[in-house]
Amino acid sequence: MTTEPTPAPAPWWRTAVTYQVYLRSFADSNGDGIGDVDGLRGRLPYLADLGVDALWITPWYPSPMADGGYDVVDHRDVDPVLGTLAQADALIAEAHARGIRVVLDLVANHTSDRHPWFTAALAAPPGSPARRRYHFRDGRGPGGEAPPNDWTSAFGGPAWTRVEEPDGTHGQWYLHLFAPQQPDLNWDDPAVREGFDDVVRFWLDRGIDGLRVDAAPALVKAPGLPEFDGGPAFAPATWTDSPHWDVDDVHEVFRRWRKIADGYPGDRMFVAEAVVNGPERLARYLRPGELHTAFNFDYLHAPWQARALRETIDSTLGAMAAVDAPATWVLSNHDETRHVTRFGRPTGARREPADLALGTRRARAAALLMLALPGGAYLYQGEELGLPEVEDLPEHLLQDPTWERSGRTVRGRDGCRVPLPWAGSRPPFGFSPDGARPWLPQPRDWASLAVEHQRHTPGSTLLLYRAALTLRRALPDLHGPDLAWADGAPDVLVFDRGSRFRCVVNLSGEPVPLRGHGTPLLTSCQQTRHELPPDTAAWLTR
Ligand code: GLC
């Protein structure tokens with residue numbers, strides 16, 4: 001008799017729930033008002049108890065903080081404000097000891113303008129190897145006073161800044177798709193490719209499990225940097241055939257990194273931050289031999305509407321299956337308005353006041369929907385507490401470069417980066433030691449959202465997340481790649497996983513009877529086991 005070989009377990013990243021740590025706002029161990037590596041180490045028991053499989057930690061590298069740490073001066077160190085390399089090593093080891101994987105940010109499209117490569121480029125003459133690492137060009141017009149092309153920056157204004165040459169004359173221009181303090185690297189230069197090979201190896205050697213590829217579609221630009229002609233640049237619909245985004249040659253970089261990661265033991269992975277035009281373009285980043293997974297921005301941007309969600313789920317599953325990549329799902333991150341607030345705007349319009357009770361109800365249902373879908377999921381710190389966007393930060397405290405670059409018209413992303421409330425009745429709510437002032441002020445009414453409060457409050461959002469994550473691990477039906485839609489009333493999503501699991505999400509304005517769907521395992525609202533009120537969800541066993 002022959003026995004079938006036991007199939008190897010699927011790599012962890014195909015189904016992992018990854019918790020995004022925005023380090024500066026997670027936990028402050030030393031009282032300077034800024035979250036740090038030791039603060040995170042101290043809270044690992046919380047994360048293990050919550051039941052997440054992995055952490056993605058936003059950039060902790062030395063940075064002048066022109067863009068929240070995405071302006072990196074040294075890719076192989078930790079900013080002294082946040083910790084030390086030794087503390088980072090300890091964090092990685094301690095997370096692993098608790099069964100939690102660690103993913104770091106790889107910021108490779110640009111460096112800080114204070115990176116030694118860029119200061120060397122500024123000191124070197126036009127055409128020199130040092131300038132070749134970036135995109136330096138002469139300006140247009142007789143005195144070169146107009147930028148080399150019409151590209152605009154993601155944060156507003158032109159994507160070019162003119163430098164002063166070492167001899168004091170007005171000189172060349174350099175490209176920055178983001179802030180002027182973030183000059184874009186030239187990935188056609190072998191020195192850049194080789195330099196980043198070393199960065200990737202540096203962290204894989206230290207035992208990390210994965211890297212998140214920041215601004216992945218931006219790395220490679222069309223040869224000759226042609227005009228864009230597409231109007232103001234940063235909108236996904238205009239990114240097909242754009243000379244600065246999602247250019248086909250960018251994939252060579254990923255194939256190169258994949259080869260490096262495949263040389264390491266264990267399941268090391270890359271996750272792409274790639275906002276591109278639709279799931280088919282996204283799937284190209286995940287072809288065999290390229291990156292492993294990608295954030296699903298189409299899902300993050302989908303409105304709270306049954307049809308839109310179902311279409312996004314179906315198009316995602318189809319596109320990912322075609323390249324044998326797992327789907328992923330995400331509701332919030334450090335660049336987006338928190339989803340309690342987004343879902344609380346009745347028509348979804350950006351400036352509309354949010355109904356936070358409505359937004360919270362929907363956010364809790366959305367968590368059960370997301371965590372029931374096949375593939376991986378990304379949680380953003382604080383969503384397990386139901387934190388809303390902080391929309392009234394005083395203007396003089398705003399730090400996102402968008403605020404200044406937009407002529408103080410767009411407030412930017414600080415409102416989703418406010419430090420977490422851990423305990424107590426007033427700021428800093430245990431984020432920092434008492435008496436310290438967090439780098440962004442917390443709303444005074446966050447006491448009931450704090451971890452310690454929710455931990456002891458039946459029905460709290462924290463306990464809902466914990467229950468959902470525990471069940472997700474325990475139910476084998478949730479571990480496969482399958483999803484089968486079942487019939488539901490209009491605006492009610494009903495789907496099955498495995499042989500017995502069913503998820504019902506009520507996006508209609510009417511209550512929905514649960515009879516016939518099975519026995520409830522978990523619901524997003526406490527009140528009832530017999531019917532689902534509007535904007536709630538249930539997990540059931542059939
Ligand atoms: C990514 C990051 C964002 C940053 C940008 C430039 O989109 O998520 O925070 O501003 O890249 O690095």
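Brief remarks follow.
- Oblate is the label for region 116-175, because a/c, from the alpha-carbon gyration tensor with a ≥ b ≥ c as root eigenvalues, is 1.5 or above and a/b does not exceed b/c.
- The packing ranking of peptides 371-382, 177-188, highest mean first, is 371-382, 177-188, where packing means the average number of other beta carbon atoms within 10 angstrom of each residue.
- Net charge, L55 excluded, C-beta distance under 10 Å - Lys, Arg +1, Asp, Glu -1: -1
- Length added when fully stretched, R76-R140, from 0.36 nm per residue minus Cα-Cα: 19.3 nm
- Accessible surface of T58 - all protein chains present, 1.4 Å probe, nearest 10 Å²: 10 Å²
- Ratio Rg/Rh, restricted to region 483-541 and using Cα atoms, in which Rh is the Kirkwood radius: 0.92
- Estimated translational diffusion coefficient (Stokes-Einstein, Kirkwood radius over Cα pairs, 4 °C, 1.567 mPa s) of region 56-163: 79 µm² per second.
- Relative to the dominant Cα principal axis of the chain, helix 356-372 is inclined by about 90°.
- Here each label is just a point 7 Å from Cα along the line to Cβ, and for E252 and A486 those points are 5.2 nm apart.
- Helix-only mean residue ellipticity at 222 nm for the chain, each DSSP H run of n ≥ 4 adding -39500 (n - 2.57), per residue, nearest 500: -7000 deg cm²/dmol
- On Cα atoms only, tilt of 85-97 relative to the major axis of the chain in degrees: 20 degrees
- The chain: mean projected area of Cα convex hull, nm²: 26.9 nm²
- Overall form of region 115-258 per C-alpha gyration tensor (a/c, 1.5; a/b vs b/c): oblate
- Only the Cβ atoms of Lys and Arg (+1) and of Asp and Glu (-1) were treated as charged; on that basis the dipole of region 483-541 about its Cα centre amounts to roughly 320 debye.
- Nearest-20 debye value, region 41-121 charge dipole, Cβ charges on Lys, Arg, Asp, Glu: 200 debye
- Given +1 at the Cβ of Lys and Arg, -1 at the Cβ of Asp and Glu and no other charges, the dipole of region 116-175 around its Cα centre is 260 debye to the nearest 20.
- Amide H to amide H distances under 5 Å link G488 with no residue, where only residues 5 or more positions off or on other chains count and H is placed in the peptide plane.
- Positive-end residue, the chain charge dipole about Cα centroid, Cβ charges, pick of C503, T347, V410: C503
- Rounded to the nearest 10 degrees, the angle from helix 251-262 to the longest Cα principal axis of the chain is 70 degrees.
- Each peptide in 97-109, 341-353 was scored by the mean count of other Cβ atoms within 10 Å over its residues; highest first, the order is 97-109, 341-353.
- For the pair T119 and E452, label points projected 7 Å from Cα toward Cβ lie 4.4 nm apart.
- Shape call, region 461-515: gyration tensor on alpha carbons, a/c limit 1.5: oblate
The values are calculated or read from the model by the stated rules, or taken from the named source; none is laboratory data. This structure is a prediction, so every number in the text was calculated from the model and none was measured. Methodologically, a virtual Cβ is constructed for each residue, glycine included, from the backbone with ideal geometry; neighbour enumeration extends over all protein chains shown. Heavy atoms of the whole protein, side chains included, go into the accessibility calculation; ligands, DNA and RNA do not. Shrake-Rupley method; radii C 1.70, N 1.55, O 1.52, S 1.80 Å.
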